[in-house]
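The values are calculated or read from the model by the stated rules, or taken from the named source; none is laboratory data. Computed from a prediction, not measured in an experiment: that's the story for all the values here. Every residue, glycine as well, gets a Cβ built from its backbone with ideal geometry; the counts of neighbours run over all protein chains shown.
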Amino acid sequence: MKVASRWHSPRLGQEVGVVRWGEAGLPVLLYPTAGGDAEECERFLMLDALKPLLAAAKIKVYACDSVAGRAWIDQTSTGAHRAWLQRRFLDFVARELVPAIRLDCHDPKVGVIAAGASIGAYNALLSICSHPDLFSHAICMSGTYDLARFMRGEHTEDYHLVSPLHFFPMLPEGPQLELLRTRYVLLATGEGKWEAPWESWRVANMLGSRGVPNRVDLWGPHVNHDWPTWRDMLPKYLDALTRTGKL
């Protein structure tokens, strides 16, 4: 069952589309790629790949418009604006979208699984690193994690706070880091066209140095940065998680 909605986000100052597929199961927030919208994953047949898990009521999939992602790749925004919008988008997810997901799941404390590919993987990583109280796992596919090239030489406070590669190594000991050590980050990547496996290894080393459970899953030199790859990856990982509780 598909349910689509839109609401005006005061944090973003605009309407945001949100879609849900499925009626029961673990909640999965699937972030779009940079230019995508809430229904991108359906157009690219990800929902077909996830159909057995949806039909078995093992997962519910949520997606929203890639509000900040579009700014990262447009040709007019400044780096400062892109980072500012990304910070507001993160706040939208934490303060508006996740509460709505929990309400829909009839569980005010349910841990959401963050997932995504490319910049969607970055958003999944940012979500769990920033809010381990909201997210239980992150499934990051073919990730683009270093957004410095989109900043045009700027390094603002907003950018620092939305770049796990910058804020996470400086995260002090305390409740946030302690909780992150009970979470799990999966970094899946091909080694074919347009892939950047070294970015996943960089993130893995960063997380591991602070005791956060993670692993890199390499899919080989003929696996490319594209939807057929992600349609193979995500059902495999979610099936394992729903069966065993582990990635």
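For Ile128, the conditions (1) of a type in the set (Val, Ile, Thr); (2) assigned to a helix (DSSP H, G or I); (3) more than 25 Å from Trp21 (Cα to Cα) are fulfilled apart from (3).
The test for being among the aliphatic types (A, V, I, L, M), in a strand (DSSP E or B) and crowded, with 22+ Cβ neighbours inside 10 Å does not hold for Leu53. Can you tell me how many residues in region 56-65 are farther than 16 Å from Ser5 by Cβ and crowded, with 20+ Cβ neighbours inside 10 Å? Summing the residues that are farther than 16 Å from Ser5 by Cβ and crowded, with 20+ Cβ neighbours inside 10 Å in region 56-65 gives 1.
Considered as a group, the residues in region 21-40 that are closer than 18 Å to Phe135 by Cβ and out of contact with any Lys or Arg (no Cβ under 6 Å at 6 or more places or on another chain) include one that is surrounded by the most Cβ atoms within 10 Å (Cβ to Cβ), and that residue is Tyr31. On the basis of being at negative phi, in contact (Cβ under 8 Å) with a residue 60 or more places away in the chain and either of a type in the set (Asp, Glu) or surrounded by 20 or more Cβ atoms within 10 Å (Cβ to Cβ) (or both), does Thr229 make the cut? Yes, satisfied. Looking across Gly120, Gly69, Gly116, one residue alone is assigned to a helix (DSSP H, G or I), touching a helix residue (DSSP H, G or I) at 6+ places or on another chain (Cβ under 6 Å) and under 25 Å from His225 (Cα atoms). It is Gly69.
Residues in region 93-115 that are under 18 Å from Gly17 (Cα atoms), surrounded by fewer than 19 Cβ atoms within 10 Å (Cβ to Cβ) and touching a strand residue (DSSP E or B) at 6+ places or on another chain (Cβ under 9 Å): 4 in all. Scanning region 181-226 for residues that are among the aromatic types (Phe, Trp, Tyr) and either assigned to a strand (DSSP E or B) or surrounded by fewer than 17 Cβ atoms within 10 Å (Cβ to Cβ) (or both) returns Tyr184, Trp194, Trp198, Trp201. In this structure, is Arg210 over 18 Å from the mean Cα position of the chain (by Cα) and without any contact (Cβ under 8 Å) to a residue 40 or more places away in the chain? So Arg210 fails the test. Out of Ala63, Ala71, Ala83, one residue alone is hydrophobic (A, V, I, L, M, F, W, C), modelled with pLDDT of 95 or more and within 20 Å of Leu29 (Cβ to Cβ). It is Ala63. Annotation note: Cβ proximity below 8 Å between a residue of region 167-181 that is within 18 Å of Val203 (Cα to Cα) and a residue that is in a loop (DSSP other than H, G, I, E, B) and polar (S, T, N, Q) (sequence gap 6+ or interchain) occurs for no pair.
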